[in-house]
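Here's the structure, in structure tokens; my notes come after.
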Amino acid sequence: MKILGIETSCDETAAAVVIDGVKIRSSIIASSLKDHKKYGGIIPEIASRRQLEYINPVVNEALSKARCTLKSIDAIAVTSTPGLMGSLLVGTSFAKALCYACNKTLIEVDHIKAHLYAPFLIEQGLRKKKIPQLPAIGLVVSGGHTSLYHIKSFKNFELLGHTLDDAAGEAYDKVARLLNLGYPGGPIIDKCAQKGQKSDIRFTAAPLPKTYNFSYSGIKTAVLYHKQKNENKADFNINNIAFAFQDSIVNNLTKKAIAACQQKQVNTLVIGGGVAANSALRKKLAQESHKHGINVYFPSLALCMDNAAMIAGFGYHYI
Ligand code: KG4
Ligand code: ZN
């Protein structure tokens with residue numbers, strides 16, 4: 001079965017063709033990120049206007065790269081929530097119009113849960129990939145969300161915990177902004193932290209014991225206070241600040257994910273979302289999972305970010 005996926009929840013306009021819920025035939029992504037950079041964050045009005053410009057060429061390219069026509073597509077899956085209202089409206093309207101005109105089935109997909117489907121996808125040229133088995137614990141770490149799920153089946157997700165304030169990616173973006181490092185902050189802080197090292201600087205992500213909830217607003221404020229107090233000192237070191245900040249976030253995410261696996265007696269852990277590209281998080285989760293007999297699965301770097309292959313693949317299970 002061939003599904004065309006469409007994703008327009010934020011600044012990416014993406015379309016993909018996925019076969020039988022797993023094999024990616026094409027995955028095209030256009031982004032308006034460069035238009036937002038000077039503002040230090042996504043401007044919804046700009047994002048939705050770019051979505052309108054990009055959607056038609058992106059869908060056409062996804063179809064032609066997969067060597068198929070709209071006629072040969074069995075269904076269209078589209079991100080319906082959550083996201084920026086204007087951006088979502090472009091993708092859902094486009095998908096509905098296509099379905100109406102071409103008599104196709106429309107599948108509405110939840111963006112957050114779809115992020116956790118990325119490790120289940122097989123990219124072109126990668127035939128011998130190990131596919132995760134359900135049940136699994138799923139950790140979504142993106143710009144807008146940090147959530148932990150017990151995935152019993154693709155239609156049965158139990159939400160174990162979520163962020164009470166800033167999401168992990170949001171904390172990265174805000175900390176990068178207050179350190180004048182640019183936007184998006186995740187990849188920049190990741191790089192700075194690799195150049196930094198363990199020092200006397202300590203930041204603590206709220207542990208929120210006995211819950212699977214997350215809170216990263218306090219740690220962001222702690223970085224701000226540290227900067228205000230120390231920026232004129234000779235040993236003020238951005239790389240070491242990035243290291244300490246990242247270390248705390250990564251430890252907090254890892255602890256909660258491993259604890260959920262242990263409590264639910266599940267030995268499969270799947271990760272998704274933009275922060276899943278983080279080098280320290282990948283390393284720490286791999287180490288701790290190995291220690292506890294858990295198999296951890298990350299998407300490829302390309303599939304960590306917003307894409308339509310995860311929408312088409314996940315949508316297959318909802319047709
Ligand atoms: O999943 P995504 O593409 O968009 C949402 O659905 O929100 O995630 C974007 C987020 C941004 O906050 C970005 O700073 C973060 O992912 N990010 C990273 C890294 N690469 C992207 N965070 C930490 N380390 C990275 N290497
Ligand atoms: Zn996302």
With a 22 Å threshold on alpha-carbon distance, the violating pairs from Lys227/Lys284; Lys130/Lys195; Lys195/Lys233; Lys227/Lys283 are Lys227/Lys284; Lys130/Lys195; Lys227/Lys283
CD proxy, 222 nm, the chain: helix-only mean residue ellipticity via -39,500 (n - 2.57) per DSSP H run with n ≥ 4, per residue, nearest 500, stands at -13500 deg cm²/dmol
Classified through the alpha carbon gyration tensor (a ≥ b ≥ c as square roots of its eigenvalues; rounded if a/c is under 1.5, else prolate when a/b is larger than b/c, else oblate), region 232-319 comes out oblate
Rounded to the nearest Å, the spacing of the alpha-carbon centers of region 283-315 and region 126-186 is 10
Magnitude of the Cβ-charge dipole (Lys and Arg +1, Asp and Glu -1) of region 34-187 about the Cα centre, nearest 20 debye, reported as 640
Going through Lys152/Lys291; Lys2/Lys264; Lys2/Lys291; Lys229/Lys255 one by one, the pairs whose alpha carbons sit over 28 Å apart turn out to be Lys2/Lys264; Lys2/Lys291; Lys229/Lys255
Among beta bridges assigned by DSSP with both residues in the chain, the antiparallel ones amount in percent, to the nearest 5, to 60
Of 266-276, 17-27, ordering from highest average Cβ density within 10 Å down gives 266-276, 17-27
Probe 1.4 Å, heavy atoms of protein chains only: per residue, the accessible area of region 51-141 in Å² is 51
quick note, region 1-157, DSSP beta bridge pairs, % antiparallel (nearest 5) is 65
With a ≥ b ≥ c from the Cα gyration tensor eigenvalues, square-rooted, and the rule rounded for a/c under 1.5, otherwise prolate when a/b > b/c and oblate otherwise, region 26-155 is oblate
Each label sits 7 Å from Cα toward the beta-carbon; between Lys152 and Gln263 the label points are separated, in nm, by 1.7
Rounded to the nearest 10 degrees, the helix 185-195 long axis (Cα) sits at an angle to the longest Cα principal axis of the chain of 50
In debye to the nearest 20, the charge dipole size for the chain, taken about the Cα centre with +1 at each Lys and Arg Cβ and -1 at each Asp and Glu Cβ, equals 780
Share of accessible surface on carbon and sulfur in the chain, whole %, 1.4 Å probe and ligands ignored, is 52
For the chain, averaging the sequence separation of alpha carbon pairs under 8 Å that lie six or more residues apart and dividing by its residue count, the contact order in percent is 24
Computed over region 172-275, protein heavy atoms only, probe 1.4 angstrom, the accessible area per residue in square angstrom equals 50
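The values are calculated or read from the model by the stated rules, or taken from the named source; none is laboratory data. Because the structure is a prediction, the values reported are computed rather than measured. For neighbour counting, all protein chains shown are included, and Cβ atoms are generated from backbone atoms with ideal geometry for every residue, glycine included. To get the accessible areas, we keep the full protein, side chains included, count just its heavy atoms, and leave off ligands, DNA and RNA. Shrake-Rupley method; radii C 1.70, N 1.55, O 1.52, S 1.80 Å.
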